[in-house]
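Comments concern the structure below.
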Amino acid sequence: MPSAPTATAAEVPISTDPDALRALPAEQLSGLARTLRRRLVEICSRSGGHLGPNLGVVELTIALHREFRSPAEPIVFDTGHQAYVHKMLTGRAELDGLRTAGGVSGYPDRGESVHDLVENSHASGSIAWAHGLDRAHRFAGSEGAAIAVIGDGALTGGVGLEALNLLAADRGSRTVVVLNDNTRSYAPTVGGIAEHLAALRGGRIRAGQDMFTALGLTYLGPVDGHDLDALAEAMAAARRAAEDPQRAGVLLHVITRKGAGFARAEADAVDQWHATGPFSLEVEQASQPAAPTWTSRLGAAVLAAARADERVVALSAAMVDPVGLTPMQQEMPERVLDVGIAEQLALDTAAGLSAGGRRPVVSLYATFLNRALDQLLLDVALHREDVTITLDRAGVTGDDGPSHHGIWDLALATTVPGLSLWAPRDAAQLEAAVPAALATSGPSLVRFPKGACPPELPALAQLPAGDVLAGDADAPIDILLISIGALAAHAVDAAGELSRSHGDLNVLVLDPVRALPLGEDVLDLAASSRAVVTLEDGLAENGIGAVIGTRLARRATLAAPGPVLRTLGIEAEFIPQGKRAGILAAQGLDAPGIVASLRGLLPGS
């Protein structure tokens, strides 16, 4: 039997723009909500996407666009994966090409619509954005409100709380914070704020005794986020409060259910189908076991390390399952800490754990390490604390677009004194990297990409500089191709292609195994080569290759200028969504692209 919402006679076509939505009779809104839910499920069944969060905000998004006049009254969606319904109501009803190259983005996108404002999909910044817009409007003498839609999970992030603190003291602000409380981010929201919201939902805190009122905000709610009539009244009340010059900002507390209206999502205890790949609308009786992923192998390695050493403690920033820590959480829950959407807090907590004699492992997506560089640099590294950070989805990730590509971590890592970095080429190397990092003094990073693990790539020989994956280690080296991480198979394929066309050319592919700190053995081998090419799925101008180039330049003299050097990596640009393979090809990081770069070094090229 189909488990997707099915069409009924009461369904209403999706409005073409917010003006048409505001003109729609109220009695037709429930039919519109049914249409939106059905289309969300149908579209995501084909393309994948953040289905659960969007099913939960159908009525809320309708109410927002009925009361507030976007784009004149801007609506800022925090962690913008909850903006699909917003897109559908602002001229993109079919979400054409969702999350594919050239198609509709899975996040707000200024290039798509004037109704999309904030493209960054990292959490917790919406309140500050909306408050800043509100201040700008007041400076300009403009009318109207500015609205932030933030989840209870995102409210655990520091910048969200900082923004509430400032907003609460700004009398005359016309900022409306809509708190979309579904009790979750990926997993249930943690901490004192989560407990406070639960007390508000349960009626255990009287009106006026909530934390938001105590700060100085106008608190409204809680209101049922699936009751269109109640939402309409609450939105109107929020507008009236925002337009009162004697009040500071307004917080409207809305209770929603993630995955609402789709039984399979609501029944999913892990994350209510927070994000899904394509799926069948028919209930599947059985499925083939999934191929091992980098994430699952990381989780197994961390669990093994924790079994071997009781000092190992794992930390996550509201993403225990997505970063592979569920097996450890199930076996030893007291040693897995979820700090909420707060990467800065995760690293500082880890620093304290290390100083107290533990061996912390902080597991993040690579893109989210950017949020905690100061803590990595000055709390962890400056104090030489033994903190291991594992970075899932490092390098090009694909469908989630510019804000989720993990292409900055290598550049950041090169700036941190004393940091050790592993970029394993396959799962076997990943499983070896975790205990090696835990046994290394000071901060360590272990980075790996998204998706299924590639076949194991064994070393042909082992040198002091690292593993030889192709070429003749005993012969003079024409081109030394230094491969960092999971692009190693492309490097080997490229070396093989060049060797077939130039039989006398010795292209040696080297995996340094531990990429940082950069060893003298690697530099000695590079200095003895005619040309050196580095390969990494991070920024070409600021990563490992750039460090190798700088270090080789220090050795160069007029008598011995050193080898020709090329750094292959990602251009310093924001890369739009697309499949990983296509993006790597466009960046010249697949085998044909590497071959072309190597041939460019040859005489007569």
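The numbers here are math on the coordinates, done by the rules we state, and not lab data. Note that this is a predicted model, so its numbers are computed, not measured. We place every Cβ from the backbone using ideal geometry, glycine too, and count neighbours over all the protein chains shown.
At-a-glance table
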{"item": "Using alpha-carbon coordinates, inclination of helix 228-242 to the longest axis of the chain, degrees", "result": "90"}
{"item": "Degrees separating the helix 488-501 axis from the principal Cα axis of the chain, which is the longest one", "result": "40"}
{"item": "Spin-label pair ASN370/LEU463, simplified geometry with 7 Å Cα→Cβ offset, distance in nm", "result": "3.5"}
{"item": "Between 0 and 90°, nearest 10: helix 158-167 axis offset from the chain longest Cα axis", "result": "40"}
{"item": "Difference of contour (0.36 nm per residue) and Cα-Cα distance, ALA355 to ALA308", "result": "14.9 nm"}
{"item": "Cα→Cβ-extended label distance, 7 Å offset, between THR213 and SER280, nm", "result": "5.3"}
{"item": "Sum of -39500 (n - 2.57) over DSSP H runs of 4+, divided by residues of the chain (222 nm, nearest 500)", "result": "-10000 deg cm²/dmol"}
{"item": "Residue order, fewest to most surrounding Cβ atoms within 10 angstrom, among SER280, SER354", "result": "SER280, SER354"}
{"item": "FRET efficiency, THR16 to GLU456 (Cβ-Cβ, R0 35 Å, nearest 0.05)", "result": "0.05"}
{"item": "Theoretical gain in end-to-end length, ALA230 to ASN165 [0.36 nm per residue, Cα-Cα removed]", "result": "20.6 nm"}
{"item": "Label-reachable residues, segment 99-142, where backbone N falls under 19 Å from a point 7 Å from LEU24's Cα toward its Cβ", "result": "115-116"}
